[in-house]
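What follows is a set of notes on a single structure, which appears directly below.
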Amino acid sequence: MVHVTGKGTHLSMEECFQLVESMGHWVCIHEKEHNSIACHPKFQQLINEPQQDMYAESWLSSFHIKDRSILRIILNDKQKLPANDVRVRLFTKDKEEPQWIQLKIVALSDELTAIIAKTLQTEDILTIPKPTLTEPYVSNNVDHLMTWLSLIDNQMSTPQQNTTRENLYPSPTSSRSDSLYRRVKDIVEKIPHGFAVISQEWEIIYLNPTLEDIIGKSLKDIYKKNYWDVYPIDLYHNYFIQFTKAFETKQVVQFQDYLYDVGKIIEVTAYPSDNELTLFVQDITQSKSYVEALRETEERFSLLAENVNEAFWIGSSSFQDYDYISPSFEKIFGISITDLMKNPSIWLQYIHEDDQKKVIESYKRMRMDKVAVEFRFKVPLGELKWIRTKGYPLHRMGKTIVVGVHEDITEHKDKEVLEAKSEQYETVVRVAAGIAHEIRNPLTSIKGFLQLMLSNEKGENQYSGIIFSELARIETIVNEFMLLAKPESEKALVDTNVVEIVQYAVSLFRHQIKQQNVQVEKVIDSDIPNINSDPKRLNQVFINLVKNSLEAMEDGGELLVSAYYDKDEQSLVFKVQDSGKGIEKEQLERIGEPFFTTKEKGTGLGIMVTTKFVESLGGSLHYDSEVGKGTTATVTLPKYMR
């Protein structure tokens, strides 16, 4: 139950309605907090409204558009109530023309205002003075535009004989507020936008000075002229369509078009009333040109940003929000731009833990200086990338922003690693050739003399076995050095059956396989073709691979040798898989480096030689390993040498 409370009173809403109705009136009560109005049944009946409670704007729409402004003023500020009764027009359900009613406004409390009404007869209409506010009214909650447009509209409704600007803008009558009139007139005359009023018969009633400057015409020259005599319909057809639409729909329309007389682009906003059209006009020629140039620049930038691999970004100095991020960001980081905008620090969690501190420090320095930083980034799908980020500060109007670019340099880093390995490899080759030639001959001599010495002794020297074992090891190293230093030109390419070479390599280790209790399985397709290759180098390759697998299974295991022909790639694929102890990931990345080995007595040169031979024949060698499960060496050889 809603109650109306005043000093010493406490009435329900229905009781309040009955009290006012007993005096021959009806009442509506405005509640400020919810900006809603409780309507008397009589009011509901007049406007055919089934709901007793209405929002204020819906209630206002029941009144004539010229009267809504003063009512809106009353509803928004109880301190500015009119000094006398208010005469307004109400649209009722059974009459085409609005009905005049008289309103008396009573403030019941800070929150409630009673609007007491009675219907006026025709003879009573002229006896009620127009409303005046208790003081000049200014409020941020009121639609000022519609307020002063309504006042201007009323004041311009009387035709003038003299077409001077002062007479075209009539003086206020005694019933109007002089100060409000002067304020409105001053605003209209000095606003930086063009302002005009056109009658429903298309007569030009008013132009303000700003609009005169825009269109290059004076009000005194075109006053009361037909708009389409001044601006022909065939040339200004869109204007005619838009203005007609505003009149017919009673809706505000806005459009941009060309003013041919003066060569300008204007933006027009048309506010319709029952019999007039109020226009606001802005000259947007310069801004339009600027916007078009800006749009063209943005389109070029977007085209560039969307078609390069680098990701451009513009962010605040706190890096808590971004003004722009180019589409390439998603491709590089695997994170959507939407997610980054919501959580600007989301990408930091994917930076390699060893690089996080470096990246954070670099970003802090970007606020003051141009900075570049390289770091490892693990994209959400698991791939590890190298990223280079450059950024620098820009200072504009007291605000600092940071502009930068992200670049995926993974391929560049991989190339650097390969170049380093290649350089290291070339160095080893040169050293190997030198060492091999320097020590091979002395070793041969030592070996020969030891054999002679031992053959002449009656008893075998207890150290002879050790000596020959170590000499054999030195000889092995020298032979590997020699293979490593073997010139590329010594390749002898002939028609080669690689399957036979693989089977031969396995057969060489029959004794060791049996001794170590290793189970061998061969899965070799029958359609593997011969290729043009060097059988000597391939022989060394597969001997080394089988030997390495067996050495990884000293306590027995399984050796799987498989081969097949990849028709799509036109290449032969061979796999040598053991069930040995496997290799850790960090060690696997170093496989093939000179002198790096996982064996107790290894030299690290065997795999290097194997890799070199495979690559010299146009193929590739790849290792996969898992600790505790074993290692797989995959050799891929092209059917045709390139």
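Here are the numbers for this structure:
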quantity	calculated
Residue satisfying all of: in region 514-535; charged (D, E, K, R) and free of Cβ contacts under 8 Å to residues at least 40 places away in the same chain; least open to solvent (accessible area, probe 1.4 Å) among these	ASP527
Search result, residues across region 333-347 that are in contact with a helix residue (DSSP H, G or I) (Cβ under 8 Å, 6 or more places away or on another chain) and of a type in the set (A, V, I, L, M)	ILE335, ILE337, LEU340, ILE346
Close pairs (7 angstrom Cβ cut-off, 6 or more residues apart or separate chains): modelled with pLDDT of 80 or more in region 582-597, of a type outside the set (Gly, Ala, Ser) anywhere	GLY582/GLU626; GLY582/VAL627; GLY582/LYS629; GLY582/THR631; ILE583/THR598; ILE583/THR631; GLU584/VAL627
Neighbours by Cβ (under 8 Å, 6+ apart or cross-chain): first from region 52-65, within 17 Å of GLU33 (Cα to Cα); second outside any helix (DSSP H, G or I) and open to solvent by 20 Å² or more (accessible area, probe 1.4 Å)	ASP53/SER36; MET54/SER36; TYR55/ASN35; TYR55/SER36; ALA56/ASN35; ALA56/SER36
Residue that is modelled with pLDDT of 85 or more and not charged (D, E, K, R), where the choices are TYR169, TYR223	TYR223
Selection from region 325-357 of residues that are in contact with a strand residue (DSSP E or B) (Cβ under 6 Å, 6 or more places away or on another chain) and open to solvent by 60 Å² or more (accessible area, probe 1.4 Å)	TYR350
Residue identified as aliphatic (A, V, I, L, M) and at pLDDT below 75 among LEU259, LEU277, LEU303	LEU303
Helices (runs of 4 or more DSSP H) wholly inside region 35-141 containing at least 3 residues that are surrounded by 15 or more Cβ atoms within 10 Å (Cβ to Cβ), modelled with pLDDT under 80 and in contact with a Pro (Cβ under 9 Å, 6 or more places away or on another chain)	65-76
Some residue of region 228-241 being at negative phi and in contact (Cβ under 8 Å) with a residue 40 or more places away in the chain	no
In region 620-642, residue surrounded by the fewest Cβ atoms within 10 Å (Cβ to Cβ) [restricted to those that are under 19 Å from GLY556 (Cα atoms) and among the small types (Gly, Ala, Ser)]	GLY628
Cross-chain or 6+ apart pairs with Cβ under 7 Å, region 257-282 first and small (Gly, Ala, Ser), then assigned to a loop (DSSP other than H, G, I, E, B)	ALA270/VAL252
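The values are calculated or read from the model by the stated rules, or taken from the named source; none is laboratory data. Bear in mind that the values here come from a model prediction, so they are computed numbers and not experimental data. Note: ideal-geometry Cβ built from the backbone for every residue, glycine included; neighbour counts use all protein chains shown. The accessibility values were calculated without ligands, DNA or RNA, using every heavy atom of the protein model including side chains. Shrake-Rupley method; radii C 1.70, N 1.55, O 1.52, S 1.80 Å.
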